[in-house]
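Beneath this line is the structure, given in structure tokens, with notes to follow.
Values quoted throughout were computed directly from the atomic coordinates according to the rules given, and no laboratory measurement underlies them. Just so it is clear, the structure is predicted and the values come from calculations on it, not from any experiment. Here Cβ is always computed from backbone atoms with ideal geometry, including for glycine, and neighbour counts include all displayed protein chains.
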Amino acid sequence: MSLTLEESKARNKQLIDEVLKAYPEKTAKRRAKHLNTFEEGKSDCNVKSNIKSIPGVMTIRGCAYAGSKGVVWGPIKDMIHISHGPVGCGQYSWASRRNYYIGTTGVDSFGTMQFTSDFQEKDIVFGGDKKLDKIIDEIQELFPLNKGISIQSECPIGLIGDDIEAVSKRKSKQLNNHTIIPVRCEGFRGVSQSLGHHIANDAIRDWVFDKVDPEKNKFESSPYDVAIIGDYNIGGDAWSSRILLEEMGLRVIAQWSGDGTLAELENTPKAKLNVLHCYRSMNYISRHMEEKYGVPWVEYNFFGPSKIEASLREIAGHFDDKIKEGAERVIAKYKALTEAVIAKYRPRLEGKTVMLFVGGLRPRHVIGAYEDLGMNVVGTGYEFGHNDDYQRTTHYVKDGTLIYDDVTGFEFEKFVEKVQPDLVGSGIKEKYVFQKMGVPFRQMHSWDYSGPYHGYDGFGIFARDMDMAINSPVWSLTRAPWKK
Amino acid sequence: MPQNAEDILDHATLFRQPEYVELFENKKKNFEFGVPADRVQQIVQWTKSVEYKEKNFARDSLTINPAKACQPLGAVFAANGFAKTLSFVHGSQGCVAYYRSHFSRHFKEPTSCVSSSMTEDAAVFGGLNNMVDGLANTLNLYKPEMIAVSTTCMAEVIGDDLNAFIKTAKEKGSLPAEFDVPFAHTPAFVGSHITGYDNALLGIIRHFWDGKADTVPKLERVPNESINFIGGFDGFVVGNIPEVRRIFKLMGVEHTFLCDPSDNWNTPTDGEFRMYDGGTTKKQVEEALNAKATFVFQEFSALKTSKFIGEHGQEVVALNHPMGVTGTDKFLMELARITGKPIPPELERERGRLVDAIADSQAHLHGKKYALYGDPDLMLGLTQFLLELGAEPVHVLSTNGDNDWAAKVQALFDASPFGKGCKVYPKRDLWHMRSLLFTEPVDFLIGNTYGKYLERDTGTPLIRLGFPIFDRHHYHRTPIWGYEGAMRVLVMLLDEYFEALDAKTNDIAKTDYSFDIIR
């Protein structure tokens, strides 16, 4: 039942009108700005974004704390990140994002641990600064090998007027300039995770870069030093990316922030080029490093062979012929693997349609990987994108793609019900809704506990996973045979 | 090349290939500026010491790897147990994303819940507008028959008044005046998820019994013979409630579950998404006032609710997650006492089969040492069951268990010869447990998914019971309550015992003489 372009545009319009009817008038007006169909040739997707979510509609979004602790800071493995406030935020985000790392947890690495100040009523009433002071001492006593401490503020911190900056400065002085970083990522700030990314980036600028001791952790620079920015190493993504950059002759001096260390953050301004995967969460620090340290940055996309190939060449374009040749060598090296993966999976996936709703870079970045497998993305949207994300999306989506920003549970369910894609890619909160409806689903935040999906090694896994989701025999069992 | 199209390697094996091993080594050597390996090993050993344990137990401010969550999570659990009810959490929206994810990861089911999405302006001016708009949107979009409101810590810190806000929202036309909006203040900085369950459940019961926030007359109690059942916050609720229902039916007891999410978190995959399925109806809540008694299966999960119900003229039988033989016996005998109905032969036979199974297997569990952690009532039920198996619950720890709870655990220890030398740890976390497992090792650990880190570090095999269980599927679908549930727990304990024994005796030509075919 493939529709012509005009038919699908008309269908989208009708669909959007239909869902808007369910809202009270005032809300319908606000939501209308977030829903549209992409028109070829336009400079963005013609939707508003990065605006407050509407109360009571079941937004999929999270908060600034999730953006800072959960995304940017949490993966820095040799630091201890205190979830400062009540117990819940740290508990729900404990080790759930699959930021892989190598280290001895509890001794020199702390990524899959939950450190919390577990605020009680008295901390709210009398303030938590004294407790924080004591917590830092207890951390130093029990985890002597930690390289630094970050304080990830939960909602109450900013509301009760705690001065975590003062505590951080005082303790750092007391502890021989130990790195202690206050982060004002209270969950009520901003409209989504997005502001949390920005706040976390700024905290690195102010409390890491501006305090770095140039005599510490020195290494000999090379002309080929790059840093991977905005890869959280979910299921090992940064590793299957790093391997390609190194194979083409570059030297990766830092990973931000998956499997990252404080020393890597500190040394990043020495890079010759920052390569930026998740633009949304780390463009801020990339721009800062460009302005302050003169480190240029380039966006890249390591999902699927077409985009990987283009990205390797783009990155190599910033270097000499040795690297350019290296890029070609890498592309050639993986050609056979890529072709074999496509030969195996494309016939099983050709023509299948996909609807996405994810965060960060994925609503656009993964489209190429689907297309390499012969699949079409017919709808996409960002949990917390800004207009610059929707502008970038125009390079990826096809004419007539349904666009939904900060989609509500209601809208997403209706869209999928009507569009009937062969696959939905979104998060854990959405997964079971669509599977109940009989629609194959993959989590595109956590890779559904699989991965990596980045790089050539990741593409094979991506293809395998999409195939197993769509072509599972379970989907032919959802209707009882005696039911017409 | 590490990857291969014919046999795709994912993270579990891909990164063991030599190319990646080399990559890891170079990254570490050149850029991480980490701690030298011998120093790391020195600290590894030190964290296993008694000296470290003492320092660890001396901390009074830092919490590490706690076994508890915050109040609103429990409130969402409670609301999910009522028919066509949508949970509405007033405060920051990120919290709601977390609760929904947390439950979905455990139950492998959707969890519907909305937020009032308060942001900085609401922090300054209060969240009234968010409540007014939010309730209207929720009603229009999701068509619930009841909206159960709870709060995040943000709304609590700024002091939003739910009662007044809901009233205002109705006056402004967000909802019909008679629409049921029970509410509960659920500050995350007080208690834990079980407190939130209690507050939210109380909010709903009080709403219906005590005049719907002064809008209708309070209900008059007209006593009948029926029995109410409150399960408490329970990760196995999907399996447990049907088991209790079966017992009630076998006993011929009229009953009402006050909070039953066992359908909502157990919907079929048949082409339709059911946002609401099953659950306690409003009519049932109202009629529950007339019941002869209320059974509270987890006392610490319903302290305030129990008190409230008791004050409304009913007997409240508060139990502590009864499980195993003695625990289930007590539940049934209390049920028989209150209803005057005999315990039927079917149940007696089930009991006999359970005792039969224990008799068959007890030698394998006798004297085995266990460490367990989790919610206070689960710990009490499990402690009692282990003691009656002749096992020793050496370390019993709860992050959200207080001194009253600890006294109850101690009483169980004191009543059994197998409790000698066992110790209870209230208000402690899993980092404390780590020290205990190193300094006073046990044979097995019982806890939720997070216990796998303890299993990895200390080598103590983990048996998964409690909440959340993310890394094993479908445990929650079968009961751990009743004689049947005890049978299942018994098998879990035995399975882990036999697996561990096999793993210890499978070294060829060294230990495999004990690799017995019959055990």
Size of charge dipole - the protein assembly as shown - debye, nearest 20, with Cβ of Lys, Arg +1 and Asp, Glu -1, no other charges: 800
Rg followed by Dmax, in Å, when the range A:162-277 is reduced to its Cα trace: 16.0, 49
37 °C / 0.692 mPa s Stokes-Einstein diffusion coefficient of the range B:374-425, Kirkwood radius on C-alpha pairs, µm²/s: 314
Translational D in µm²/s for the range B:327-404 (Stokes-Einstein at 37 °C, 0.692 mPa s, Kirkwood Rh from C-alpha pairs): 228
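Would you kindly work out the equivalent ellipsoid of the range A:349-428 from its C-alpha gyration tensor and give its semi-axes, the square roots of five times the eigenvalues, largest first in whole Å?
17, 16, 10
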Calculated log₁₀ intensity ratio I(q)/I(0) where the Debye formula runs over C-alpha points of the range B:1-141, q = 0.12, 0.17, 0.20 Å⁻¹: -0.88, -0.97, -1.15
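When all alpha-carbon pairs of the range A:380-484 are counted, what percent fall beyond 23 Å? It would help to have the intermediate numbers written out before the result.
Working: 2014 of 5460 pairs.
For the range A:380-484, the fraction of Cα-Cα distances above 23 Å is 37 percent.
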Shape box of the protein assembly as shown [Cα atoms, principal axes, largest first, Å]: 90, 71, 61
Intensity falloff of the range B:432-519 expressed as log10 I(q)/I(0), Debye formula with alpha-carbon point scatterers, at q = 0.15, 0.16, 0.18 Å⁻¹: -0.69, -0.77, -0.92
Spatial separation of Cα centroids for the range B:249-271 and the range A:316-340, in angstrom: 59
Computed over the range A:236-378, the ratio Rg/Rh where both radii use C-alpha atoms and Rh is Kirkwood: 1.00
Other-chain or far-sequence residues with amide H under 5 Å of A:V252's (modelled H): A:V226
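For chain B, what is Rg from Cα atoms divided by 2.2 N^0.38 Å, rounded to two decimals? It would help to have the intermediate numbers written out before the result.
Details: Rg = 25.2 Å, N = 519, 2.2 N^0.38 = 23.7 Å.
Normalised Cα radius of gyration, chain B: 1.07.
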Mean-position separation - Cα centroids, the range B:341-359 and the range B:201-215, in angstrom: 40
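If you wrap a convex hull around the C-alpha atoms of the range B:337-491 and split its volume per residue, what is the figure in Å³?
Enclosed volume per residue, from the Cα hull, is 130 Å³.
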Dipole axis of the range A:347-484 (+1 Lys, Arg; -1 Asp, Glu on Cβ), positive-most option in A:Y370, A:Y390, A:M437: A:M437
Per-selection metrics, chain A (Cα): Rg and Dmax in Å: 23.1, 75
Calculated diffusion of the range A:113-193, Stokes-Einstein form, Kirkwood radius summed over Cα pairs, 20 °C and 1.002 mPa s, µm²/s: 161
Given charges at Cβ of Lys, Arg, Asp, Glu: the protein assembly as shown dipole, positive-most of A:A166, B:G324, B:I166: B:I166
Rounded to whole Hz, the Karplus (6.51, -1.76, 1.60) HN-Hα couplings of the range A:178-189, x for glycine and proline: 4, 5, 9, 10, x, 10, 8, 9, 3, x, 7, 6
Added length on full extension, which subtracts the Cα-Cα distance from 0.36 nm per residue, B:D60 to B:E171: 35.2 nm
Descending semi-axes in whole angstrom, ellipsoid equivalent of the range B:229-317, from the Cα gyration tensor: 25, 14, 13
Considering only the protein assembly as shown, percent of DSSP beta bridges that pair antiparallel, nearest 5: 10
Sites matching GluC sites (Glu not before Pro) across the range B:186-256 that sit in DSSP coil, with at most 11 neighbouring C-beta atoms within 10 Å: B:E220
Computed magnitude of the charge dipole of the range B:260-340 (debye, nearest 20; Cβ of K, R +1, Cβ of D, E -1): 300
Debye, to nearest 20: dipole size of the range A:388-447, +1 on Lys, Arg Cβ, -1 on Asp, Glu Cβ: 300
Given charges at Cβ of Lys, Arg, Asp, Glu: chain A dipole, positive-most of A:I243, A:G74, A:T353: A:T353
Coil-residue trypsin sites (Lys or Arg not before Pro) of the range B:258-306, DSSP, other Cβ within 10 Å capped at 16: B:R274
Calculated log₁₀ intensity ratio I(q)/I(0) where the Debye formula runs over C-alpha points of the range B:121-245, q = 0.09, 0.16 Å⁻¹: -0.32, -0.94
Equivalent ellipsoid semi-axes - Cα gyration tensor, the range B:406-445, angstrom: 20, 14, 6
Pairwise FRET efficiency - A:E215 versus A:A332, Cβ, R0 = 30 Å, nearest 0.05: 0.10
Rg in Å to one decimal, and Dmax rounded to a whole Å, for the range B:254-361 via C-alpha atoms: 17.1, 47
DSSP bridge pairs, chain B: antiparallel proportion in percent, nearest 5: 5
Three principal axis lengths of the range B:103-171 [C-alpha, angstrom, descending]: 38, 25, 18
Estimated FRET transfer efficiency (A:E325, A:N46; beta-carbon r; R0 45 Å; 0.05): 0.60
Calculated P(r) tail over 25 Å for the range A:59-169, as whole % of Cα pairs: 18
Lys pairs, the range A:314-392 - Cα-Cα below 25 angstrom, 8 or more residues apart or on other chains: 8
Pairs beyond 29 Å (Cα-Cα), from A:K122/B:K408; A:K77/A:K211; B:K249/B:K283; A:K48/B:K282; A:K77/A:K272: A:K48/B:K282
All Cα pairs of the range A:6-68, percent lying beyond 16 Å: 57
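Dividing the Cα convex hull volume of the range B:17-87 by residue count, how many Å³ per residue is that?
Cα-based convex hull of the range B:17-87, divided per residue, equals 245 Å³.
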The range A:277-340, Cα convex hull volume normalised per residue, Å³: 74
Amide H contacts of B:V296 (H built 1.01 Å from N, under 5 Å, at least 5 apart or other chain): B:I230, B:V317, B:A318, B:L319
With Cα atoms, 0 to 90° folded angle of helix A:164-174 axis to chain A main axis: 50
Rounded Å value of the spacing that divides the Cα centres of the range A:1-52 and the range A:64-81: 35
Residues of the range B:239-262 with amide N under 14 Å of a point placed 7 Å along Cα→Cβ from B:K218: none
